[in-house]
1. Other chains' Cβ within 10 Å of B:102-114 residues: what's the mean?
2. If r is the Cβ-Cβ distance from A:SER145 to A:THR354 and R0 is 35 Å, what FRET efficiency results, to the nearest 0.05?
3. Using only alpha carbon positions, build the gyration tensor of the protein assembly as shown, then give the equivalent ellipsoid semi-axes as the square roots of 5 times its eigenvalues, largest first, whole angstrom.
4. Mind checking the alpha-carbon convex hull of chain B and giving the volume per residue in Å³?
5. Compare the Cα positions of B:LEU283, B:THR228, B:LEU303 along the charge dipole of chain B (+1 at Cβ of Lys, Arg; -1 at Cβ of Asp, Glu; about the Cα centre) and return the one farthest towards the positive end.
6. Using the Cα centre of chain A as the reference point, and only Cβ charges (+1 on K/R, -1 on D/E), how large is the resulting charge dipole? Debye, rounded to the nearest 20.
7. How many percent of DSSP beta bridges within segment B:2-213 run antiparallel, rounded to 5?
8. Describe numerically, in nm with one decimal, the distance between label points set 7 Å from Cα along Cα→Cβ at A:ARG62 and at B:TYR194.
Amino acid sequence: MSKVLVTGMGMISSIGATPEENRGALIRGECGITRSSTLPTRYAGVLPFGEVKVSTDHLKARLNMHGPGITRTALLALYATNEAVSDARLNASQLASFDTALVSASTVGGMCLMDELYQDIHRQSHGSPFLAAYNAASIGTCLQSAYGIKGIVNTINTACSSSANAILYGAKLIRHGLARRAIVGGVDSLSKFTINGFNSLHILSPETCRPFDAGRKGLNLGEGAAFLVLEKEEDAEGKKIYAELAGYGNANDAYHPSSLSGEGDGPYLAMKEALSNAELRIDQIDFINAHGTGTENNDEVESRAMLRLFGSPPLFASTKSNIGHTLGASGAIEAAYSVLNLTHQEVYAGLHFTRPIPQTMLRPVTEHKKIPLRHVMSNSFGFGGNCTSLIFSKA
Amino acid sequence: MLYIHLTACISPQSSFPEASLDHLQRSADNKLRVIEPLYEGLPQQALRRMAKVVRIGAGAALPLIRQAGASCLPIDGIIIGTGNAGMEQSIQFVQQIVDHAEGILSPGDFVQSTPNIVGSQISALTKNKKYNITHVHGGLAFENALLDAAMQVMEHPTHTYLLGGVDEIGTYNYNIDFLEGWYKKEALSNHQLYERGTPGSLVGEGAAMFLVNQQEQGALAGIRGVATLHADDPAPVAERLGWFLDNHLAEGEQIELFLSGENGDSRLSPFYEACEEILAAELPIARFKHMSGEYPTASAFALWLASIWPGGADLPGHMLKRGALPLPGGETSEPGIKMGRNVLIYNTYKGMQHSFMLLSRSFH
């Protein structure tokens, strides 16, 4: 089977609008999580959020998208996809070819528009311009039509591991010869829907999140998008190659809709399967971009699963301490960060960590360091027990 | 090739546990709602908390998983396609946010609001910790799930997967598609679905589940190919169908039946007509949307129909649009022509998403 290579990246998060800006902020240990005052929710100014500091109007102007029915989620996705496609120098005929696939993910999609949705479901008008925006496939459909994609188009939703699975599916299409290249990634925007949802579960931290810290108080929600261009090795000759997507693992925790089992069977099996898929041994993983949301449940269970699989786990940290949990975008953004780890041979500090969890005593990396990295693992776990691990290798 | 070994379907017709399709169950209030079984195999306490989409999905899947377990066939993953699972709970949660002005809310609806709820509940109920994924790309959600299963068995030739397509009619998500013009405004019964020539269809719902692997022996049917396309014009769709058939049929091989996703929406008829035009003029055509109604994963219902069809004239009369099917035993084989035991399914969702599936119902 052909190797699957990353030849283009585009991303936007609360700490930057390009991979370079994000890298700079990660090196400096910047945190994009602030007490926003612009979100249309009563929690604006009360809880901290990893908000992308670019207004929806500015995104519309920048992308020249002024038609009706365009959501902030779609704009963030279009922005990151444009960057990725141009970074990989895909031309119009490649985009329109039957062997170019598009696999995206979003958990919120058009649900960011609560007021319009409320009116439409109650048929209070003849329909808002957003009727086609609420369904789960709306972002994928929007990207498909923007680029005229004729190959396989798909949208995945496994909650917080959605975009890790979008990357997995794109890689499989290439490995099995169903596509030569795949544009893969995910997006989510901050919304009253998810803010109230996570708040009802009492897992939103009133302060900046502290992944893997004994005193962690929950997660912060964030927003953003990241898209990668994956190409098969034979087609990537002469191109800029960021990294290889060496393997993936997907497993279900089969325990509870919104929390992980004590021993972390799902996370353990996903990481184990990724290693076997990439044909790597445990001692070959140099760094883990952990799921590390900052909730009581996740961080302890993920630690246990790392201890169970690795014995003595490799270096790890969670970039959610910089940008919060971006839900449907997190798997893709963190995949892009893993690629940055490899291309620049460096790891970034997990922020706000002071004391390890007493039961597991694992300490994330807390400073930016240049170190040789060959293989980096990126973890994403979601509601419904959907766990996915990706492994990127130095090209 | 991906082989179907077991299948079950909960639909608006008498399809579960055994199919009895000659008598057409009627729609009510322009909707084709599923006939829900008693779900004797589901834990009753869990059942009370389940959304309908989870009940029908798990209700159709669990008997298959049990049957597989009885013959020591482990399930190596759960691959679900759904257009709208979780949507109704999302809207319930929106209602809570509005009613309580973002105050103290109950998390139940939020937790059940993600589309992976069906696959993850089946996984939790059967303690299945293997591959688990949910494809949600609208009218191609099931086709992507099918492709995924095909890739999984290519990577793991001994594995068996649960593959399913499931959607529900939600009180409110119906309103969104209704406002967008996808359902008939006038009152209509499903037995007249194809007669009106007006825009819109009748909404439907259902869960079709399949156990699939690479073993030919003992299989009900084999899926020889699946292709998908986004297009808003019939010409590229017909062109892609030509390519699909050239790629999957051997020289001189024929199709036995064209199962068409026609749904009574006058705006979508040109897509089905364009496909009919490139197929042999005498090819029998059958339709199924008057049985299932229209929903994103209705093509899973079509695949279920095709995989249980024994062939020949044993097809409910109300399905046949054109042509005649040979009586059992009346088949003749002309020299040089392989008997067509292939069913072609073409479906479009909203005239934007298109899929072809080619199923071979006998391969001995």
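Each reported figure results from applying straightforward, stated rules to the coordinates on display, with no laboratory input. What you are looking at is a predicted structure, and each value in this text was computed from that prediction instead of being measured. Cβ coordinates were reconstructed from backbone atoms using ideal geometry, including for glycine residues, and neighbour counts include every protein chain displayed.
1. What the average comes to for B:102-114 is 6.
2. Efficiency at R0 = 35 Å is approximately 0.15.
3. 42, 27, 25
4. Convex hull volume per residue, Cα atoms: 142 Å³.
5. B:LEU303
6. 260 debye
7. Roughly 55 percent of the DSSP beta bridges within segment B:2-213 come out antiparallel.
8. Result for the modelled spin labels: 5.2 nm.
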